[in-house]
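This report concerns only the one structure given below.
The values are calculated or read from the model by the stated rules, or taken from the named source; none is laboratory data. Being a predicted model, the structure only gives us computed values, none of them experimental. Methodologically, a virtual Cβ is constructed for each residue, glycine included, from the backbone with ideal geometry; neighbour enumeration extends over all protein chains shown.
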Amino acid sequence: MKEFEFVPFSEKQRRLLNWWRPGLKTAENDFVIADGAMRSGKTIGCIAGFLLWSQESFSGEAFILAGKTMGALRKNVIQPMLQILKAWGWPCRYIRSGAESRLEIGENFYYLYSAGNETGKNALQGLTAAGCYADEAALFPESFLNQMIGRCSVPGARIWMNCNPESPYHPIKTQFIDRRAEKRVYYLHFVMDDNLALSPRVKERYRRTWPPESVFYRRYVLGEWTAAQGAVYPQFSGAPERYLADRKWLEKNRIVYGVIGVDFGGTRSAHSFTLTGFTKDYGFVVVLDEFYCKERIDPERLQMAFVDFVKRAQADYQVYEAYCDSAEQTLIAGLERACVAARLSISVKNAVKGPINDRIAFYNSLIAADRWRVMRHCVHVTEAFSQAVYDEKRRTEDVRLDDGTVNVDSLDSTEYSTESVQNEILYRL
């Protein structure tokens with residue numbers, strides 16, 4: 001692993017590095033929260049500051065390193081942390097596997113935790129920690145956040161958090177940032193100009209890539225805590241024709257392989273299949289075909305429809321995987337049996353079903369990068385992405401409207417078809 005290549009720290013980053021030092025007024029705080037825009041330098045400042053504080057303040061203690069998922073933690077925190085340690089010449093031992101994945105730096109132990117769901121807090125129970133580092137803390141369940149803070153009971157313990165803004169009603173905003181004097185929180189708000197390594201050209205590209213009215217732009221580019229409202233995919237809904245493709249487009253952009261996403265209908269929803277294709281190196285993500293049925297049909301008819309859809313997909317493309325709504329295991333088993341009986345070589349799996357807002361951010365990023373296309377005949381997917389809006393009755397949450405009046409089924413099946421490779425596509429971004 002190469003050493004971290006440091007550039008001069010900005011004034012905001014220097015404050016983040018040193019706020020805890022004895023004698024400073026800011027050292028009277030128990031928490032530090034660094035929020036703001038993406039690529040604003042808050043993460044590197046937080047990692048380096050946390051390392052300096054924990055090593056200079058403690059010996060032989062345990063610390064918590066938490067991320068939304070273990071993969072995100074390793075990518076966003078552990079990798080740059082190891083590079084920083086190498087640049088500083090600090091020896092480190094990294095235990096990757098087992099129930100107690102950790103870093104051993106000096107005499108201290110840094111345990112790795114995933115905060116991705118409500119059960120994550122159980123792994124923290126019994127630990128006595130001298131401090132914690134929470135990466136993208138606004139994405140943590142509140143129960144995990146509370147358990148993590150409660151574990152930090154060693155005298156002198158401090159809680160380090162960074163995040164991109166979410167809803168202004170989020171607990172990090174209402175319970176900590178807005179009550180920072182009472183809670184003894186040192187609060188630092190970062191903008192892109194606080195990252196001296198970010199070139200003016202890159203900052204300008206970020207500012208013109210996403211629609212200024214979009215939630216993504218306001219939160220991730222401007223760094224604002226703002227409520228989600230209006231269109232979920234404003235750039236697509238404003239000009240859907242721009243993203244529609246036809247056979248001539250496919251002739252110029254070869255599809256390497258495809259994946260099927262399946263959402264099962266209920267009382268007020270529809271059965272939906274989406275075939276999504278990918279060009280070389282995920283240059284483009286393309287909705288190639290769809291099936292949509294609003295009426296109630298029995299499992300046998302559903303299986304027949306799925307078999308026909310798979311045959312149609314495999315006639316034109318390399319398609320060997322289907323990801324289905326995991327809430328309907330009986331229906332999934334039926335599709336699998338039907339494909340075996342039809343001698344179709346396809347693996348029918350449970351969909352990943354990660355947080356919906358992650359899927360929304362993913363598609364908005366693709367749309368903004370002009371790397372998403374929908375075949376013109378896929379009218380239900382086009383309609384679903386054009387009409388998707390946030391639920392006005394749940395303004396305190398980021399909730400997509402799902403009251404039976406809009407087509408969320410095509411949204412779900414389309415998202416299921418890309419979720420398994422979502423990180424690879426984003427990395428390509």
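Table: residues versus (1) assigned by TED's automatic domain parsing to the domain that holds residue 390; (2) more than 22 Å from residue 380 (Cβ to Cβ); (3) in contact with a Ser or Thr (Cβ under 8 Å, 6 or more places away or on another chain).
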site: 202; (1), (2), (3): no, yes, no
site: 228; (1), (2), (3): no, yes, yes
site: 239; (1), (2), (3): yes, no, no
site: 249; (1), (2), (3): yes, no, no
site: 254; (1), (2), (3): yes, yes, yes
site: 257; (1), (2), (3): yes, yes, no
site: 282; (1), (2), (3): yes, yes, no
site: 287; (1), (2), (3): yes, no, yes
site: 306; (1), (2), (3): yes, no, no
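When you scan segment 53-97, how many residues do you find that are closer than 21 Å to residue 20 by Cβ, surrounded by 13 or more Cβ atoms within 10 Å (Cβ to Cβ) and among the hydroxyl-bearing types (Ser, Thr, Tyr)?
Summing the residues that are closer than 21 Å to residue 20 by Cβ, surrounded by 13 or more Cβ atoms within 10 Å (Cβ to Cβ) and among the hydroxyl-bearing types (Ser, Thr, Tyr) in segment 53-97 gives 2.
Would you check if there is a residue in segment 154-166 being surrounded by fewer than 16 Cβ atoms within 10 Å (Cβ to Cβ), free of Cβ contacts under 8 Å to residues at least 40 places away in the same chain, assigned by TED's automatic domain parsing to the domain that holds residue 63 and under 18 Å from residue 20 (Cβ atoms)?
Yes, the conditions are met somewhere in segment 154-166.
Inspect all residues belonging to segment 2-9 and state whether any of them is within 30 Å of residue 219 (Cα to Cα), modelled with pLDDT under 95, assigned to a loop (DSSP other than H, G, I, E, B) and of a type in the set (Lys, Arg).
No: segment 2-9 contains no residue that is within 30 Å of residue 219 (Cα to Cα), modelled with pLDDT under 95, assigned to a loop (DSSP other than H, G, I, E, B) and of a type in the set (Lys, Arg).
Taking the condition of being of a type in the set (Val, Ile, Thr) and either under 13 Å from residue 55 (Cβ atoms) or part of a strand (DSSP E or B) (or both), how many residues in segment 78-95 meet it?
Residues flagged as of a type in the set (Val, Ile, Thr) and either under 13 Å from residue 55 (Cβ atoms) or part of a strand (DSSP E or B) (or both) within segment 78-95 amount to 2.
What do you reckon, is residue 386 at pLDDT 85 or above and under 18 Å from residue 351 (Cα atoms)?
Answer is no for this residue.
Take the conditions within 24 Å of residue 11 (Cα to Cα), small (Gly, Ala, Ser) and either modelled with pLDDT of 95 or more or surrounded by 21 or more Cβ atoms within 10 Å (Cβ to Cβ) (or both) and apply them to residue 134. Does it pass?
yes
Return the only residue of 333, 231, 305, 322 being among the aliphatic types (A, V, I, L, M) and at pLDDT below 95.
231
Of the residues that sit in segment 85-99 and are among the charged types (D, E, K, R) and under 27 Å from residue 427 (Cβ atoms), which one is modelled with the lowest pLDDT?
For segment 85-99, the residue satisfying everything is 96.
Only one of (1) surrounded by 14 or more Cβ atoms within 10 Å (Cβ to Cβ); (2) of a type in the set (Val, Ile, Thr); (3) without any contact (Cβ under 8 Å) to a residue 12 or more places away in the chain is not met by residue 360, so which one is it?
(3)
Go over the candidates 225, 249 one by one and state the one that is touching a residue at least 40 places away in the same chain (Cβ under 8 Å), in a helix (DSSP H, G or I), aromatic (Phe, Trp, Tyr) and within 30 Å of residue 419 (Cβ to Cβ).
None of the other options fit; the residue is 249.
Which one is nearest to residue 177 (Cα to Cα) among residues in segment 190-222 that are in contact with a Gly (Cβ under 8 Å, 6 or more places away or on another chain) and assigned to a loop (DSSP other than H, G, I, E, B)?
Among those that are in contact with a Gly (Cβ under 8 Å, 6 or more places away or on another chain) and assigned to a loop (DSSP other than H, G, I, E, B), it is 191.
Looking for something more than 27 Å from residue 194 (Cβ to Cβ) and either of a type in the set (A, V, I, L, M, F, W, C) or at pLDDT 95 or above (or both) - is there at least one such residue anywhere in segment 64-84?
yes
Out of the residues in segment 338-364 meeting the condition of being part of a helix (DSSP H, G or I) and out of contact with any helix residue (DSSP H, G or I) (no Cβ under 7 Å at 6 or more places or on another chain), tell me which one is farthest from residue 320 (Cα to Cα).
Filtering segment 338-364 for residues part of a helix (DSSP H, G or I) gives 338-341, 356-364.
Applying the additional criterion that residues be out of contact with any helix residue (DSSP H, G or I) (no Cβ under 7 Å at 6 or more places or on another chain) yields 340-341, 356-358, 360, 363.
On the way: 340: 13, 341: 16, 356: 25, 357: 27, 358: 25, 360: 25, 363: 23 Å.
Looking at residues that are part of a helix (DSSP H, G or I) and out of contact with any helix residue (DSSP H, G or I) (no Cβ under 7 Å at 6 or more places or on another chain), I get 357.
Among what's in segment 404-422 and is touching a residue at least 60 places away in the same chain (Cβ under 8 Å) and more than 12 Å from residue 352 (Cα to Cα), pick the residue that is surrounded by the fewest Cβ atoms within 10 Å (Cβ to Cβ). So that I can check it myself, show each step before the final result.
Quick first cut of segment 404-422, residues touching a residue at least 60 places away in the same chain (Cβ under 8 Å) only: 404, 407-410, 412-422.
Now drop any that are not more than 12 Å from residue 352 (Cα to Cα), which leaves 404, 407-410, 414.
Values: 404: 11, 407: 22, 408: 22, 409: 26, 410: 28, 414: 29.
Per the stated criteria, the residue is 404.
May I ask you to say which residue of 418, 405, 414, 382 is hydroxyl-bearing (Ser, Thr, Tyr) and assigned to a loop (DSSP other than H, G, I, E, B)? Give the steps one after another, and end with the answer.
Values: 418 fails: assigned to a loop (DSSP other than H, G, I, E, B); 414 fails: assigned to a loop (DSSP other than H, G, I, E, B); 382 fails: assigned to a loop (DSSP other than H, G, I, E, B).
Going through 418, 405, 414, 382 in turn, the sole match is 405.
Does segment 100-131 hold any residues that are of a type in the set (Asp, Glu) and at pLDDT 85 or above, and which are they? Even if it seems obvious, please write down each step before you answer.
Narrowing segment 100-131 to residues of a type in the set (Asp, Glu): 100, 104, 107, 118.
Those that are of a type in the set (Asp, Glu) and at pLDDT 85 or above: 104, 107.
Go through segment 254-294 and count every residue that is modelled with pLDDT of 95 or more, of a type in the set (S, T, N, Q) and over 14 Å from residue 407 (Cβ atoms).
2
Could you look through segment 273-301, keep only residues that are free of Cβ contacts under 8 Å to residues at least 60 places away in the same chain and assigned to a strand (DSSP E or B), and pick out the one that is farthest from residue 250 (Cα to Cα)?
The residue in question is 293.
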